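Asks: My questions will all concern the structure given below.
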Amino acid sequence: MIFRRAEKRPPLLTFERILIPMNGSEADDSSLRLAAVLIASQHAPRAVAIHLLHVIEVPFDRQLDDEEPRAIAFADEILGRAEDFLTGLEIAAETEVVQARAAGPAIVDDAVEQRADVIIMGLRYKKRFGGSWDAGRTVPYVMRNSTAPVWCLRVATEDLAQTP
Amino acid sequence: MYVVVVGGGNVGYYLTKELLAAGHEVVVIEKDPSRARLIADELGSIVVTNDGCEGRYQAEAGMGRADVVAAVTGDDEDNLVACQVAKMRFNVPRSIARVNNPKNERLFRKLSIDETVSPTRAILGVIEHEIPVHDLLHLAELGGGEVQIVEAQLSAGAPVVGREVRELELAEGDTIAMVVRGHRAVAPRPETRLQIGDKLLLITSADREAELRNLLIGE
Amino acid sequence: MRVVIIGCGRVGAQAAAELDGHGEHVTVIDTDPRAFNRLPAAFGGVTVRGSGTDEDVLRSAGAELADVLMALTQGDNRNALAAQLGKHSFGLPRVIAKINDPLRAEAYRSLGLETMCRTTILSRALVTAALEGAEATQGEVSPPTAEPLRGAPPPGSRAHDQAAASSTSSPASAAAEEERG
């Protein structure tokens, strides 16, 4: 009985377009799993579009469109693996590789372009030299500048923060 | 063209904006983090937040493939060093320095900075245009300062007023390129008679300048 | 000998006082008149208030007639500009610039400026002190003298001899500057 009632209830959150920026770290896995859970909660899971994005950061000493085979191969590998994972769950996804000077602005721009309802990004637990927590450049930038909501998942760590 | 701009003050910011609008690739090196962020927010990921006089940050900004370096901070010494490091370490083909003290222009040229731009001199030029001066006004230098393009304004006491161009005893190599009368430019002919208020555009050289001034404007 | 010193910090003041004590004709330039308080009361040289990177100020300080110009301010770039003014605008026989960034010091040395790099001098002195032990330093770490840390005027020239003579005194003042950070 309860099961049927729940089925009739609309999902608490509805999504049509989800953007998942990926950098190849173990944090990618968390965002993929969360996205899968969210999709399963939707009335029409197949109608949800998932956009997997990897940004190759090109330093200024090279031209922006200068392609580095190793970086391209890495992008293909992580996006391919993510796609395989989602396919196993019968979720279709688009993948995109973008070259930019910095990942943050590229993600924000892409979210606008894709009309994403949400950006889901993973974050590794890192400490700066000296011990304070380091959120990196990209996640804070996206948090600060994205019009779409941003969900950031910090992965588990055994390394506890020392700062009070 | 790939342009590295050193200094993200007002000059650097507007220069970068215009260069981007003209379709060039630009990177700004600015050491003040809040200023750098402001520019990045406005113009995109084209800012290196560090000291533009240091080789390693110039390397980070891609100075190795730059066609032009423009050092436009408010400090002459920083602009000089930024350009010299860019030339010495990265062989940047063209260097442009903003020079605040106009007296530094000559030195910078001597130190193989390709172009100097002095806002002070520019404003001075405008002011000198407005009020009568008893000197030659420098408009441009060519050939590393050897060839000077100057302007002489003829006031009432000028010795050449009322004389024809052919009567002037110009030194060999000196030329009157144009006579500006009112708002009209007149090509000088041998029979052109010079009047009060005429502005003469002349080509001369640094060592003949004093002589030319005496001839046209008087001692 | 006429010496013009730009920057009356600890290094500049001490060098000025010592050269004055040797009977040389010394002029010190600094933008901050309070900096001249570092000079001893007995200082017999001239002080000029102004920017040492300004050609007019240098001229009024008599820099055109100097035998040596030393640029010893806190700013590497200011020193590089002042020294190059001396060398190229005034054609002075000798200019010395204090440049604390070793890479930049090296670069300007290759452009013909004599440079003095505190970082290099201190680190070499400390490496020597560490390797040779406490007996060798006897309580005071002094710079290694084997290698002159400067441009290379031809051996036998006046500049060469002077540099050899001065290479023992300047690093001590550089150490004093370091305390100030």
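Asks: Just to verify a result, which residue in region B:112-139, among those that are of a type in the set (A, V, I, L, M, F, W, C) and modelled with pLDDT of 90 or more, is surrounded by the fewest Cβ atoms within 10 Å (Cβ to Cβ)?
Replies: The qualifying residue surrounded by the fewest Cβ atoms within 10 Å (Cβ to Cβ) is B:VAL117.
Asks: Collect the residues in region B:64-85 that are β-branched (Val, Ile, Thr) and surrounded by 23 or more Cβ atoms within 10 Å (Cβ to Cβ), keeping them in residue-number order. Spell out the reasoning first.
Replies: So the first thing to find is which residues in region B:64-85 are β-branched (Val, Ile, Thr), and the list is B:68-69, B:72-73, B:81, B:85.
Hits for region B:64-85 are B:VAL69, B:VAL72, B:THR73, B:VAL81, B:VAL85.
Asks: Search region B:15-30 for residues being surrounded by 15 or more Cβ atoms within 10 Å (Cβ to Cβ) and not in a helix (DSSP H, G or I), and hand back the single one that is nearest to the other protein chains (Cβ to nearest Cβ).
Replies: B:VAL27
Asks: Here's another thing I want to ask about it. Determine if region C:9-31 includes at least one residue that is crowded, with 20+ Cβ neighbours inside 10 Å and touching a Lys or Arg at 6+ places or on another chain (Cβ under 6 Å).
Replies: yes
Asks: Further question: Hey, could you check region C:44-61 for residues that are assigned to a loop (DSSP other than H, G, I, E, B) and under 18 Å from the mean Cα position of the chain (by Cα) and say which is farthest from the other protein chains (Cβ to nearest Cβ)?
Replies: In this case the residue turns out to be C:GLY45.
Asks: Going by the conditions given, is B:LEU142 exposed (fewer than 13 other Cβ atoms within 10 Å of the Cβ) and either of a type in the set (Phe, Trp, Tyr) or at pLDDT below 85 (or both)?
Replies: yes
Asks: Something else: Would you mind stating whether B:LEU194 is closer than 14 Å to B:HIS138 by Cα and at pLDDT 90 or above?
Replies: no
Asks: Is there a residue being touching a helix residue (DSSP H, G or I) at 6+ places or on another chain (Cβ under 7 Å), within 17 Å of C:ASP101 (Cβ to Cβ) and of a type outside the set (Asp, Glu) anywhere in region B:57-70?
Replies: Yes, region B:57-70 contains a residue that is touching a helix residue (DSSP H, G or I) at 6+ places or on another chain (Cβ under 7 Å), within 17 Å of C:ASP101 (Cβ to Cβ) and of a type outside the set (Asp, Glu).
Asks: If you scan region C:80-123, which residues turn out to be farther than 18 Å from B:LEU80 by Cα and either among the acidic types (Asp, Glu) or in contact (Cβ under 8 Å) with a residue 40 or more places away in the chain (or both)?
Replies: C:PRO93, C:ARG94, C:MET116, C:ARG118, C:ILE121, C:LEU122
Asks: Moving on. Go through region B:58-71 residue by residue and tally those that are at the interface with another protein chain (Cβ under 10 Å from one of its Cβ atoms) and either under 22 Å from C:ALA83 (Cα atoms) or among the charged types (D, E, K, R) (or both).
Replies: Of the residues in that region, 2 qualify.
Asks: Looking at B:GLY12, B:GLY74, B:GLY52, which is the one that is among the small types (Gly, Ala, Ser), away from chain A (no Cβ under 14 Å), in a loop (DSSP other than H, G, I, E, B) and in contact (Cβ under 8 Å) with a residue 12 or more places away in the chain? Give the steps one after another, and end with the answer.
Replies: On the way: B:GLY12 fails: in a loop (DSSP other than H, G, I, E, B); B:GLY52 fails: away from chain A (no Cβ under 14 Å).
Only one candidate passes the filter, namely B:GLY74.
Asks: Inside region B:31-49, can you point out the residues that are assigned to a loop (DSSP other than H, G, I, E, B), farther than 22 Å from A:ARG62 by Cβ and within 14 Å of chain A (Cβ to nearest Cβ)? Quick ask: steps written out before the conclusion?
Replies: From region B:31-49, those assigned to a loop (DSSP other than H, G, I, E, B) are B:31-32, B:44-46, B:49; that's our starting set.
Among the residues that remain, those that are also farther than 22 Å from A:ARG62 by Cβ are: B:31-32.
Selection gives nothing.
Asks: Quick check on region A:65-76. Is at least one of its residues surrounded by fewer than 13 Cβ atoms within 10 Å (Cβ to Cβ) and within 14 Å of chain B (Cβ to nearest Cβ)?
Replies: yes
Asks: Something else about it: May I ask you to say which residue of C:ALA80, C:ALA105, C:ALA130 is within 14 Å of chain B (Cβ to nearest Cβ), more than 20 Å from B:ILE113 (Cβ to Cβ) and assigned to a helix (DSSP H, G or I)?
Replies: The match here is C:ALA105.
Asks: Restricting to strands (runs of 3 or more DSSP E) lying wholly in region B:77-169: which have 1 or more residues that are of a type in the set (A, V, I, L, M, F, W, C) and within 14 Å of chain C (Cβ to nearest Cβ)?
Replies: Qualifying strands (runs of 3 or more DSSP E): B:94-98.
The values are calculated or read from the model by the stated rules, or taken from the named source; none is laboratory data. Note that this is a predicted model, so its numbers are computed, not measured. Please note: Cβ atoms are built from the backbone with ideal geometry, for glycine as well, and neighbour counts cover all protein chains shown.
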